[in-house]
Structures are given as structure tokens and as C-alpha cells.
Amino acid sequence: MSGILLTILKYAVGLIGIGFVILVHELGHFFAAKTIGVQVETLGIGMGPALFTIHGKNTDYRFSLIPFGGYCQMEGSIDLIKALRDDEKSFSKAEYGSYFTTTPLTRIIIFIAGPLINFLLAVLLFFIVSMIPAWQAVHDPKIVIVSDYPSLFGSDITQSELRTGDYIIAIDGKAVSTFEEAEKIISAVEKAVLPMTIKRDGKVIDVNAYGVLDNGTYRYGIALYQEPVIGRVEGTQLFQSGDVISSVNGIPVSNAYDLYQVSDSDMNIKLIRDGKETDVFLPSSSSFPFAWQSRLIPLERDGFFKSIASSLMKAADAIKDTVGSLLNLINLNREEVRNEITGPARAALTIGTITTLGIQTDFLTGLRAFIYLLSLVSISLCVANLIPIPTFDGGQILINIYQMITGNEMKPKSYVIFHIIGLVFTVVILVAMYSLDVLHYLNT
């Protein structure tokens with residue numbers, strides 16, 4: 001697939017995903033209004049020119065050209081026009097089923113239904129992600145002592161009883177079978193002297209790792225010994241999965257760090273492919289067009305109820321993060337805003353890119369990534385719509401709370417002014433969001 005077609009596909013995947021989340025938001029308003037007794041004139045599915053319309057008993061279902069989002073138009077537009085025409089001070093002449101015949105509490109329920117359904121959708125999507133089989137990349141518990149590569153790790157922590165190339169069998173009496181298990185144990189202990197059992201040159205021996213206290217945490221200077229075997233290859237035909245790098249610029253390569261040490265210069269690489277030696281030239285780079293080989297093992301999945309609880313916690317954490325990002329926007333923290341908040345175009349491209357990259361590994365990985373990102377979009381839409389801006393759900397909820405407390409209904413003219421102000425705010429926000437996209441692309 002050409003680069004242009006791939007980019008279009010990425011945008012399409014992202015836009016369809018975001019559009020689905022927006023549509024679910026509007027369906028929340030739709031079903032809440034219908035349940036309460038407010039008629040919905042039109043439920044729009046998609047945006048742009050209408051392709052066709054299905055005329056229901058009380059609602060028109062309009063399907064539009066662009067499969068992105070939707071809208072829910074409740075009955076009451078004619079009542080508003082009549083009230084303005086007759087210079088009415090209230091909506092007392094509104095017909096049954098109109099939005100304007102409802103109470104403030106009823107309206108609050110209708111407007112809160114959209115953000116609420118987005119929250120529940122996010123919880124459901126997090127739960128689905130937890131149920132999809134997934135695999136974790138793991139490695140043999142073979143280690144490197146970081147002091148052997150000080151220029152790469154920026155650390156001079158040494159170990160007198162451990163060597164690069166040792167295999168860890170157990171740590172503090174706990175058996176390990178992967179480096180990831182070893183790393184998890186090491187990061188959790190708080191010991192100056194950490195007993196280990198290792199294998200070296202075919203012999204099993206007991207040794208100690210000595211920690212160095214750094215900001216209240218013990219560091220042991222132990223890293224993964226990554227065998228120089230290529231796994232997944234991306235965007236190049238120079239390398240193939242299974243290639244073994246034997247030397248670079250005439251220097252033998254025993255592990256990946258030997259290659260990283262010279263990556264700031266042009267690299268003449270010798271590799272073994274199907275038992276034959278092959279020469280490859282690679283210009284200096286901070287990254288390589290391949291991933292190192294690893295083993296994939298299935299991730300353990302939580303039970304049904306534990307997964308639900310975990311999904312609720314993830315949704316709550318996502319709300320907290322989204323609110324933090326919005327506070328950075330309010331505080332004009334420019335760097336944080338650019339890092340944490342994206343415009344619609346960049347968000348769509350990010351979703352599409354991560355999804356397509358995941359699918360290159362396997363379909364389920366791509367599906368998990370897509371669903372997980374949509375859950376974050378759903379939370380973002382939930383929080384953003386609760387901002388107290390007139391045309392947003394939050395603004396509508398706030399004004400109806402005021403009406404419920406004071407007992408004063410909004411006048412038709414005030415209602416129009418209120419919405420004009422909201423539209424101005426909405427346009428400003430849209431311009432700001434798309435400006436973030438433009439600034440990002442100008443700086444890349």
C-alpha cells in the first residue's frame with residue numbers, strides 16, 4: 001500500500017472511531033428524551049450532506065455522507081419561533097412533547113445522559129479490552145551490568161559478584177523464568193544486599209547484588225541482555241526477521257548494546273541470515289527499522305467481577321487525567337497543552353496509526369489498541385461536554401440548576417442570546433483545537 005493510501009486509511013479509521021463515540025453520546029440524549037416524553041425531531045447519523053432519510057412515526061433518522069458523529073434535534077424549534085414572533089415572556093404556549101414544556105430537572109436528565117453514556121461506554125470498552133486475549137513480550141533472564149556500557153546508561157553502578165551474561169534463576173528466594181519477572185521483583189525490594197541464584201558457564205551459584213541508594217530507592221545497575229536477533233521489521237528490505245547481527249564496523253556484537261554504542265556513526269553491519277553472512281550498511285540513527293526478537297506469552301486475565309472493578313478504576317483515572325489536561329489549558333501551560341491535548345485531525349491520525357501498527361503484529365493486538373483508544377476518547381468527550389459553556393451539556397445543566405433553585409424560567413429572547421454566546425465559545429474552541437493540529441504539523 002502506498003504512503004498516501006496508508007495515511008488516508010489511518011485518518012479514516014480514526015475518524016470512524018471518534019464518530020462512533022460522538023454518535024453514542026447523541027444516542028444518550030435521544031433515548032433519555034424519548035423515555036421522558038420529549039419528542040426528537042431528527043436524529044442525525046454522520047455529518048455533511050444527507051444521503052437518505054428514514055421517516056419514523058415521530059422522528060426522522062437522517063444518514064449523512066461523512067460517517068463522523070451525529071446530532072439530536074429535540075422538538076421545540078417551532079415553539080421558539082412562535083414565542084419570538086409574538087414577543088412572549090415565556091414558553092407557556094409550547095405544545096406537548098416540546099423540550100420547552102419540560103421541567104428543569106427533566107432537562108438536566110436529558111443533558112447529563114450524553115456524558116453519562118460516554119462514561120459507561122468507556123467502562124464497557126475497558127472491560128472488552130481486558131477480555132480480549134493478549135500477549136506479553138518477554139525475554140530470558142540474562143543480564144547486562146550497566147557499568148559495562150556507561151555511555152549508554154549514564155550510570156557507574158558496578159557489581160562485584162555479577163557479570164554481563166549471567167542468567168538469573170532466583171532472586172531473594174523467588175524463582176524467575178523471564179527478565180520481566182526479575183525486573184518486577186528487583187523494583188519492589190528495598191535491600192542494600194539482594195541475594196540471587198544465577199547460572200554462569202553452566203554452573204549454578206549463589207551471589208549477592210549490592211544496591212546503591214538513589215532518591216530513597218535502591219538501584220542495582222542490572223539491565224536486559226538483549227540477544228542481537230532481529231524480530232519484527234518495519235519499512236525496509238535490508239533486514240529480515242531472524243537475522244543475527246554478528247559485528248558492526250568490525251567490532252563483534254554479543255548483545256544489542258554493542259550496536260547502540262556505535263549508532264551515532266555510520267554502521268557497516270555483518271549479519272547471519274540462513275547460515276550465510278550478509279553485509280548491510282545503515283546510516284547513523286537513534287532508532288533502527290526493526291524490533292529485537294522476543295518471546296510472546298499470554299497475559300493472565302482477571303475474572304469477570306475484578307475486570308469490571310478494574311474498568312471502573314481506569315475510567316475514573318482517565319477522567320482525572322483529562323481534567324488535569326483541561327486545567328493546563330486554562331492555566332495556559334503551553335508545553336503541557338501541546339503534549340497532552342490534540343486537535344481532531346491529529347487525534348484521528350494517532351488512533352489510526354496505533355491501530356494499523358497493532359494489526360501488523362496480529363489482528364487482536366490492533367483491535368485491543370483501537371478499543372482502548374476509543375475508551376479514552378469517550379472519557380474526553382464526557383469531561384469536555386461537562387464544561388459550563390452555554391451550548392455544551394455542562395452549560396445547559398448549570399442554567400437548569402439555576403432555574404430549578406430560583407424558580408425562574410428562561411425567557412425566549414434570553415434563550416437565544418444564551419445560545420449565540422455558546423456558539424461563539426464553541427467556534428473559538430474549535431479554532432483553538434485545530435490550531436493545535438496546525439502547530440504540531442508545522443513543528444514536525
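Projected over every direction and averaged, the convex hull enclosing the alpha-carbon atoms of the chain yields 28.9 nm². Using a 1.4 Å probe on the protein chains only, how many percent of the accessible area of the chain belongs to carbon and sulfur? Summing carbon and sulfur atoms, their accessible area is 62 percent of the total for the chain. Based on protein heavy atoms only, segment 343-390 ends up with 40 Å² per residue of surface accessible to a 1.4 Å probe. In a reduced charge model with +1 at each Lys and Arg Cβ and -1 at each Asp and Glu Cβ, segment 105-168 shows a dipole moment near 540 debye about its Cα centre. Membrane-span-like helices in the chain, defined here as complete DSSP H runs extending at least 27 Å along the helix axis by their C-alpha atoms with mean Kyte-Doolittle hydropathy no lower than 1.0, are 3-36, 104-131, 363-385, 412-442; this is a sequence and geometry rule, not a statement about a membrane. Per residue, segment 193-233 exposes an accessible area of 53 Å² to a 1.4 Å probe, with every protein chain left in place. For GluC sites (Glu not before Pro), the sites in segment 93-196 that DSSP calls loop and that have at most 15 other Cβ atoms within 10 Å are GLU95, GLU161, GLU190.
When the dipole is taken about the Cα centre of the chain, and only Lys, Arg (+1) and Asp, Glu (-1) are charged at their Cβ, what size is it in debye, to the nearest 20?
1100 debye
Taking amide H positions as modeled 1.01 Å from N, with prolines and chain starts lacking one, the residues under 5 Å from ALA170 and 5 or more places away or on another chain are VAL176, THR197.
Taking amide H as placed 1.01 Å from N in the peptide plane, SER294 has no amide H partner under 5 Å among residues 5 or more places away or on another chain.
Based on the mean of other beta carbon atoms within 10 Å per residue, what is the order of 290-303, 249-262, most packed first?
Result, highest mean first: 249-262, 290-303.
The values are calculated or read from the model by the stated rules, or taken from the named source; none is laboratory data. On a predicted model such as this, the values are computed, not experimentally measured, just so you know. In this analysis, Cβ positions are derived from the backbone assuming ideal geometry, glycine residues included, and neighbour counts consider all displayed protein chains. Keep in mind that these areas ignore ligands, DNA and RNA; they rest on the heavy atoms of the full protein, side chains included. Shrake-Rupley method; radii C 1.70, N 1.55, O 1.52, S 1.80 Å.
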